[in-house]
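Chemist: What follows is a structure written as structure tokens; I'll ask about it next.
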Amino acid sequence: MVRISGLASGMDIDQMVKDLMKVERMPLDKLKQKKQTLEWQRDDYRSLNTLFFNFRQTLTNMKLTPAYRARSTVSTNDQLLTATASSAAAMSSYTISNVKQLATAATKVNTEKISKGSEKVDINQSLMSQQGKLDGLTWKQGVVETKTIGVTDDNQKEIKLPLDGVKIADTAGINIKVDGKTYKLVTGKTPEELADNEVLFNQTPDYAPDGTQKEATFTFKSIKKGSNVKIDYVADKKIEKTTISDQATGFQLSHGAIVTDSNFSIVINNKTFKLDGNGTDLIEVDASGNPASSLKLGTLDKETGKVTFSDAYKEELKKEAEEKRAAENLGEKDAVSFDVSTTYQQNYTSFKVATSTSQYPNGVEENFFVQGNDSLSKVMTNVNNSNVGVSLFYDSFSDKMTLTRTETGNFSGDETVQEISTSGNFIDNVLKFGGAAETGGTNAKFNINGLDTERTSNTFEMNGVTFTLKKTFDTAESVSIKNDSDKVFDNIKAFVDEYNKLIDTVNKKISEERYRDYGPLTDEQREQLSDKQQEMWEEKAKSGLLKGDTMLSGALTQMRISMYQPVDNANVASAFKQLAAIGIKTTANYLEGGKLEINEAALKKAIEDDPTSVENLFRGTGETSSSKGIVQRLYDDVSTTIDKLNERAGKAYSTNQQFTIGKNLDDVAKKITSFTERLKQIEDRYYRQFSAMETAIQKSNNQMNYLLQQFSSGQ
């Protein structure tokens, strides 16, 4: 509405309405203050609820046996034998003697240097570039491919590998892994006959009319939904399709180590290009493979697989782009692209390593593909990161290599059988592991408590005790397992500290001074105070919002009762049925609200004298509150308090209608909205009244002016 502000009356109407509205807004300010107070109370409750929740986590840990069954070990000779013990270990002793041999890892050292001349191989350069330095390195032709296929169905047992018009060249060299686990490729079995680590390969895949394979099928006994199946294989060739723009200067093939023979071809815009006699330049050919024109596409870097266009072909590409724009009615700046199809093979080889490991006790074999543009360093990384469990190492000084199993011990069960076997020209002849002798691969042999036994590792676990053999010895050495009283004491002390922290915080909150003269600041009050003054005011306004809270004080009372009530449990000796009996009592200062203090000597003595009773005093279970241990009782008490606090103040993600204060906040918010609308109506009414007054005064003034004019003209 149009508001007239004192033009006729000369009054400051806006200020008068503002002053009148101050009085009218007082109830609204009180509603906003109430809303702010409720929000502060909610936040205080939630802050305390976090403390209770954290303390419940402490109680959860104290309900578990490790808090009371910490074990220490003592060896008669740490130079020969050490041990550690878990909480599951019984307090006992072990005697180990006659350690005939330690567990060792199987190792093969190759038979001679791998460099055939005086200049040593560079392990960081491609193997093709180092071929002259390596003896007997030959290549196969094909393309090494890797496909990962996800399992999308719980009942899925088959994996279909799309082959895109190519054939699998080496079926014996296929690698299958499911979520990193190696599977053995088999044929001639039914799916029901498969072992858990076997996969059935369909050797008669579906063929396309041109004789190429559409797909290959791999069948598992079972496979989980969400698993990833990784398949490494060799295709007879690669038909790689891509697109280039008319501004392209070349393109990159996905593989390197390209075979530069007559099988290599590139088709762009219905023109076919092949390598000339020198194996690097690409020329246009006809259907018979003979040169079709003088047009040179460019060059091929056979090691990297990069094709670089010649200047002449770049111009040809632009010309063809203009023709395509004209034919398709495209604008001069419209992008034009061309399909590219490249058919090629790469140089590769492969080798196999087999061994037995703790994960694959019946043996595991893995086939490793080596591409011509791979370095020896990459080959070593691939072997070392595989599931076969060996480490391949090259020493530049001696120019020799070693294969060492990453685990000690003999897993085949026969020490006359080699733990590591290799096959393939690359590893046996190029890297010189053919006929290499194997050392190590032995079990640790010893006597424990009169029993002759073996272990594949020098560190082994028995009845919760982990032993480590360091040397061979023929003497009898002992390991004693005892209760670690200091550790148990520290755990109980940490629990008491957390309890005291909770008690102290809650007590301070419910006894905090309430400053009733300091309510939440109104907008007008904030304008009159500095930032520091506002901060000091709000500190007092927030104080004491939970003063005398019966829910919180009741929670503390119940926790104190749970602490002091005797534990009537058969697993607790009569002398240890209360905390006071083990040196934990309430502090003498009543103002501390029931905080606990520990008599260190008394508690440690109780832990030493009867650790079982101490444990059950805290974590004992029972049907009734009196039979439950103190920690069990407190857990119940704290859980009840958390539920009550959630009901009153909610959680961070709760909606207002899910807790009491939230409902109150919604009610206040509705009142604020309603009252704000009412104030707007009152303000509009005031302005209407003053506008009417202004109009009346203006009309009166006009009449007076008219009369004055008449009187003046009559004279």
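Chemist: Looking only at segment 597-637, count how many residues are assigned to a loop (DSSP other than H, G, I, E, B) and surrounded by fewer than 18 Cβ atoms within 10 Å (Cβ to Cβ).
Modeler: 9
Chemist: Can you tell me which residue is farthest from the chain's Cα centre (by Cα) among those in segment 199-234 that are at pLDDT below 90 and outside any loop (DSSP other than H, G, I, E, B)?
Modeler: 207
Chemist: Do you know which residues across segment 443-452 are assigned to a loop (DSSP other than H, G, I, E, B) and crowded, with 20+ Cβ neighbours inside 10 Å?
Modeler: If the condition is that a residue be assigned to a loop (DSSP other than H, G, I, E, B) and crowded, with 20+ Cβ neighbours inside 10 Å, then 443 is the only one that fits.
Chemist: Suppose we filter segment 453-489 for residues that are over 30 Å from residue 422 (Cα atoms), in a strand (DSSP E or B) and either hydrophobic (A, V, I, L, M, F, W, C) or in contact with a Pro (Cβ under 9 Å, 6 or more places away or on another chain) (or both); how many remain?
Modeler: Selection size over segment 453-489: 8.
Chemist: Going residue by residue through segment 137-147, is there one that turns out to be acidic (Asp, Glu) and under 39 Å from the mean Cα position of the chain (by Cα)?
Modeler: Yes, segment 137-147 contains a residue that is acidic (Asp, Glu) and under 39 Å from the mean Cα position of the chain (by Cα).
Chemist: Also, quick follow-up: Can you tell me which residue in segment 421-437 is farthest from residue 130 (Cα to Cα), limited to those that are in a loop (DSSP other than H, G, I, E, B) and of a type in the set (A, V, I, L, M)?
Modeler: Only one residue fits best here, namely 437.
Chemist: Hey, another quick one. Name the pairs whose Cβ atoms lie under 6 Å apart, with the first residue in segment 384-402 and free of Cβ contacts under 8 Å to residues at least 24 places away in the same chain and within 13 Å of residue 353 (Cβ to Cβ), the second in a strand (DSSP E or B) and of a type in the set (Ser, Thr, Tyr), and 6 or more positions between them or separate chains?
Modeler: 384/391; 391/404; 391/406
Chemist: Within segment 535-557, does at least one residue satisfy the condition of being under 27 Å from residue 23 (Cα atoms) and of a type in the set (Ser, Thr, Tyr)?
Modeler: no
Chemist: Under 9 Å between Cβ atoms, at least 6 apart or on separate chains: pull out the pairs that start in segment 599-612 with a residue that is at pLDDT below 95 and end on any residue that is in a loop (DSSP other than H, G, I, E, B) and of a type in the set (S, T, N, Q).
Modeler: Matching pairs, first to second residue: 612/571.
Chemist: Let me ask you something else. Mind checking whether some residue in segment 251-259 is in a strand (DSSP E or B), farther than 23 Å from residue 345 by Cα and either touching a residue at least 60 places away in the same chain (Cβ under 8 Å) or among the aliphatic types (A, V, I, L, M) (or both)?
Modeler: no
Chemist: Could you tell me which numbered condition residue 696 fails, if it satisfies all but one of (1) in a helix (DSSP H, G or I); (2) modelled with pLDDT of 80 or more?
Modeler: Exception for residue 696: condition (2).
Chemist: For segment 236-256, give me each residue that is farther than 16 Å from residue 309 by Cα, more than 37 Å from the chain's Cα centre (by Cα) and not basic (Lys, Arg).
Modeler: 236, 239
Chemist: Name the pairs whose Cβ atoms lie under 8 Å apart, with the first residue in segment 50-66 and charged (D, E, K, R), the second surrounded by fewer than 16 Cβ atoms within 10 Å (Cβ to Cβ) and in a helix (DSSP H, G or I), and 6 or more positions between them or separate chains?
Modeler: Pairs found: 56/639.
Chemist: Now, a different point. Sort out which residues of segment 260-285 are surrounded by fewer than 19 Cβ atoms within 10 Å (Cβ to Cβ) and part of a loop (DSSP other than H, G, I, E, B), and write them in order of number.
Modeler: Answer for segment 260-285, where residues must be surrounded by fewer than 19 Cβ atoms within 10 Å (Cβ to Cβ) and part of a loop (DSSP other than H, G, I, E, B): 260, 261, 262, 263, 269, 270, 276, 277, 278, 279, 280.
Chemist: Scan segment 123-178 residue by residue and report those that are of a type in the set (Lys, Arg), within 24 Å of residue 217 (Cα to Cα) and in a strand (DSSP E or B).
Modeler: Within segment 123-178, 147, 160, 177 meet the criteria.
Chemist: Among the residues of segment 133-162, which ones are touching an Asp or Glu at 6+ places or on another chain (Cβ under 9 Å) and surrounded by fewer than 11 Cβ atoms within 10 Å (Cβ to Cβ)?
Modeler: Listed by number, the list holds a single entry, 146.
The values are calculated or read from the model by the stated rules, or taken from the named source; none is laboratory data. Predicted model, so just to flag it, every value in this text is computed and none were measured. Counting neighbours? That spans all protein chains shown, and the Cβs are built from the backbone with ideal geometry, glycine included.
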